[in-house]
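The values are calculated or read from the model by the stated rules, or taken from the named source; none is laboratory data. For clarity, every value in this text was computed on a predicted model and none was experimentally measured. Here the Cβ positions follow ideal geometry from the backbone for every residue, glycine too, while neighbour counts run over all protein chains shown. What goes into the accessible areas is simple: the full protein's heavy atoms, side chains included, and nothing from ligands, DNA or RNA. Shrake-Rupley method; radii C 1.70, N 1.55, O 1.52, S 1.80 Å.
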Amino acid sequence: MTAPESSAATERASPGRVSRWLAPAVGLTLFVVALLVLRRELHAVSYHELSAAVFSRDISAVALAVLLAALNYLVLTGYDLLALRYVGRALPPAKVVFASFVAYAIQYNVGFGWISGASVRYRFYSRWGVTPGELSRIVVFYTTTFWIGLLVLGGLTLLLDPLPALHELPVQQLSGAFGALLLALCLAYALAAMRRRGSLRLGRFKLALPAPRLVAGQFALSLLDWILSAAVAWVLLPAGRPAFPLFVGAFLAAQLFAMISHVPGGVGVFETLLVLLLKPALPAAEVLPALLLFRVVYYLLPLALALVLLVGDELLLRRDQARRMTAAFGSLTAELVPRLLAVFVFLAGAVLLFSGATPAEHTRLRWLEGFLPLGVLEVSHFLGSVVGVGLLLLSRGIARRLDASWHLAVVGLVLGMLASLFKGGDYEEATLLGLLLVALLRARGEFDRRAAFFAGRFSPGWAAAVVAVVGASVWLGFFSFRYVDYSRELWWSFELRGDASRFLRASVGAAVALFAFGASRLLRPAPPEVSLPSAEELDAAAAVIATQESASAFLVYLGDKAVLFDADRRGFAMYGVQGGTWVALGDPVGPDERRPGLVRAFLERCDDFDGTPVFYEVAGDRLHLYADFGLTFVKLGEEARVSLERFSLEGSESKQLRQSSRRLEREGCAFRILDPPEVVAHLGELREISDEWLSQKGAAEKGFSLGFFRDDYVRRLPVAVVVRGSRIEAFANIWPGPGRVELTVDLMRYRETAPRGVMEALFVHLMLWGQQQGYRWFNLGMAPLSGVEASPLAPLWNRIANFLFEHGEGFYNFQGLRMYKEKFNPVWEPRYLAYPGGLALPRVLADVSALVAGGYRRILLK
């Protein structure tokens, strides 16, 4: 397998590098601020008091909270059921409930881009026949539903009785007006749906309005959703809690701020803000324990259930007798299970770190003292925190399905279980780690990648999360032992009740482990440039090309793209890297059954190096390959293919082509095919023509998806030439597709003295030659931006592309190229760009253009 480790120059050139670090940096900053605020609010409270408050909560209140949470998630599945009715799709309710529950359980807990609620839905719904366009409308619909309840309840709260915490602030006078504005927005949406049919125009955009009964369903579901979620937290509060309507306002404000904080699940940010907002009614020491229980009931329990469902579905899939039952999910669970397991491995590391930062149960310590030496207890405590850091770091490799990370995580969980038992008899903690160990063992088959753990890059969000957890464990330790008199001797104190000493040593061990990992990353050798294919690898690629029909795979012979082979070299993908974008050219090459694995391998390689994966110029009939992995699409244009079985110079529609052919004869020119040995003999003359053509056009060589003159590339393939006497006037190198299915050309260049219309005549003769040789198609290449619809409901990209096609002649001859190819009466086939979606499209297009042009500065050159 030939693949780049990365390019230092490329990474420096990445325009998205700063933006990728900005959101995690903001989230980490807010998380630190939240911890500082909590420390201030809890200045008079001890860890033991908080711990006792958590475990002394009324069991009936906890049971009621669990019931309300279950009802809330059931209501959330109604979002998707309603959205599917909106797009006119009828799916079995059981499937929708399954996909929706898993999506929301993940979406509410994890904020990382590599596993979100939208991507989970995409993986499931695309398998069940939902198109990318329909899925986009589903996302817009359920997002609108989500915000309706927030706006209505928030507006009512501000309008009727502002939050007590705002009473002393100047903004309190504006709260009523702002609340009325929020309600007016929701009312306007409802009225628009009742009074209008079709779509609602918002500037240059149009939104298809739902039917009134669907809008009524949106309002009912969203209001019920927010009320239930607030009720889960409210029932966990102790006596003296504020009235439910007042609490709803504080809950909505805290949730809103948590959502915009970029902190996964709003951890810390949500709790801190709600503590501040409820401060007039309840002290922090009573609010925080209730919120910790809320975090477990509303977030962690559903997430654990989602993992069980996915692992269970994957196990059923492997059993022959249950294959029909689970065929609907296919490889989707295989794709999701490793990433969800990575979340739990990360949480396991956090549990070990937090456990090491808090006091042990003294009754259990005295029991352990009876048969364990003190040294075993001390070592177990230190080892538990170090293993915790290790699991945080390994979680990234688990998400990447690395075989080595799986083995190390299994060892880490076993060590963590032993450490939990021997450092304080924490059987609850050991049980949780054991359950995760069982899940990892059952999912062993998903971790089959042999890539090195240290070879890949680590995303900014993941790095920030690791730092946040380690920092939070240190904060928790100093909070737990705030009344301890710290001194130098404390570091060297070894005794049964020396919890503070053990915390200090374990924290240093965890910090050293994290520092060592960071130093190894910083001091590693500079990553090499993209590895270009060797002669042996090009020969291996040639063997693969012979197994399929497309001629476009011949672009690999340019040697300017990295080549990613599958395990036994029966398929490959060719790609280049520009900035932070990794661009695979065309569909993977090889037999059809090899393509899904190659798509997956390329996506994983991009994930290793924190790159944005892109598939450029892929065929419309293979879009499902990319939809299965959560990618979305934009149309780039259409490719012209001429049927050689029907091609003829007879008839009025071919008059212009006949004239071009006859003009060539009148000029004393002839058409010839040079086989590779003859090409070698004429290589110098062909280069002379190429240089003259470039000079005449004032152009520079391109690359990637366009050929350039390179001796070893040109001499490898036959060349069609137009000769006058013994002098070559024009040439085009030929890609003779395997199996005589498709024929096309790449380099097309001519002298200034060549007859007018020489390339058109060369095309005509080459098509007739291909017809005689038994080829079925002649590929004229793509007409960029042609065939892109610009209907009122079309996405923004379609509108821009259509505008450029119609009015961008000063920039590129879009319409002229389409009209030129129309002379040959081709069949037009769409070509697409597959990418992760979101706001990355402008940067992706710029990087692809720079890759083809040879740099950002050369994009606008000819």
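In the context of the full protein assembly, Phe609 retains an accessible surface of approximately 10 Å², using a probe radius of 1.4 Å and ignoring ligands and nucleic acids.
Arg831 sits among other residues whose Cβ lies under 13 Å from its own Cβ, and their net charge, with Lys and Arg +1 and Asp and Glu -1, is -3.
With the alpha-carbon atoms of segment 649-736 aligned to their principal axes, the span from lowest to highest coordinate is 41, 27, 26 Å, starting with the largest. Which values of log₁₀ I(q)/I(0), to two decimal places, follow from the Debye formula for segment 20-89 at q = 0.16, 0.22 Å⁻¹ with a uniform point scatterer at every Cα? At q = 0.16, 0.22 Å⁻¹ the computed log10 ratios are -0.91, -0.91. Based on the Cβ-Cβ distance from Ala94 to Lys702, what FRET efficiency comes out when R0 is 45 Å, to the nearest 0.05? Step by step, r from the Cβ atoms, then E = 0.30. For Asp592, project a label point 7 Å along Cα to C-beta. Then give me every residue of segment 725-740 with its amide nitrogen under 19 Å of that point. Only 738-740 fall inside the zone, counting backbone N under 19 Å. Expressed to the nearest 5 percent, the antiparallel share of DSSP beta bridges inside segment 546-652 is 65 percent.
Shape class of segment 715-769 from the Cα gyration tensor (axes a ≥ b ≥ c, square roots of the eigenvalues): prolate, since a/c reaches 1.5 or more and a/b is larger than b/c. Placing pseudo-labels 7 Å out from each Cα toward the beta carbon at Arg213 and Leu64 gives an inter-label distance of 3.6 nm. Once R0 is set to 60 Å, what does the formula 1/(1 + (r/R0)^6) return for the Cβ-Cβ distance between Val484 and Arg195, expressed as a FRET efficiency to the nearest 0.05? That gives a FRET efficiency of 0.30. What FRET efficiency comes out for the pair Leu256/Asp448, r = Cβ-Cβ distance, R0 = 30 Å, nearest 0.05? Result of the calculation: an efficiency of 0.10.
For segment 140-161, the residues whose amide N sits under 15 Å from a probe point set 7 Å from the Cα of Leu185 along the beta carbon direction are 143-159.
Here the relative contact order of segment 694-780, from alpha carbon pairs under 8 Å that lie six or more residues apart, stands at 23 percent.
Rounded if a/c is under 1.5, else prolate if a/b is larger than b/c, else oblate: which is segment 588-688, with a ≥ b ≥ c the root eigenvalues of its Cα gyration tensor?
In terms of gyration-tensor shape, prolate.
What pairs from Lys697/Lys821; Lys561/Lys702; Lys655/Lys821; Lys655/Lys697 go past 23 Å between their alpha carbons?
Values: Lys697/Lys821 21 Å; Lys561/Lys702 13 Å; Lys655/Lys821 15 Å; Lys655/Lys697 29 Å.
Violating the 23 Å limit, Cα to Cα: Lys655/Lys697.
Using the Cβ of Val680 as centre and a radius below 11 Å, the other residues enclosed give a net charge of -2, where K and R count +1 and D and E count -1.
Measuring only protein heavy atoms, the 1.4 Å probe finds Leu151 accessible over about 40 Å². Available extension along the chain between Ala543 and Met819 is 95.7 nm, counting 0.36 nm per residue and deducting the alpha carbon span. Segment Phe244..Leu224, full-extension length gain: 5.8 nm, with 0.36 nm per residue of separation and the alpha-carbon distance subtracted. In plain terms, the chain from Arg666 to Glu536 could stretch by 42.2 nm, reckoned as 0.36 nm per residue minus the Cα-Cα distance.
Can you give me the Rg/Rh ratio for segment 224-287, using Cα atoms for both radii and the Kirkwood formula for Rh?
Details: Rg = 11.2 Å, Rh = 11.9 Å.
Value, to two decimals: 0.95.
Approximating the spin labels as points 7 Å out from Cα along Cα→Cβ, the Glu495-to-Ala619 distance works out to 7.8 nm. Quick check on segment 356-401: take the gyration tensor over C-alpha atoms, sort the square-rooted eigenvalues as a ≥ b ≥ c, and tell me if it's rounded (a/c under 1.5), prolate or oblate. Prolate, since a/c reaches 1.5 and a/b exceeds b/c. Annotation for Asp712 and Val376: the two label points, set 7 Å from Cα along the Cα-Cβ direction, are 6.4 nm apart.
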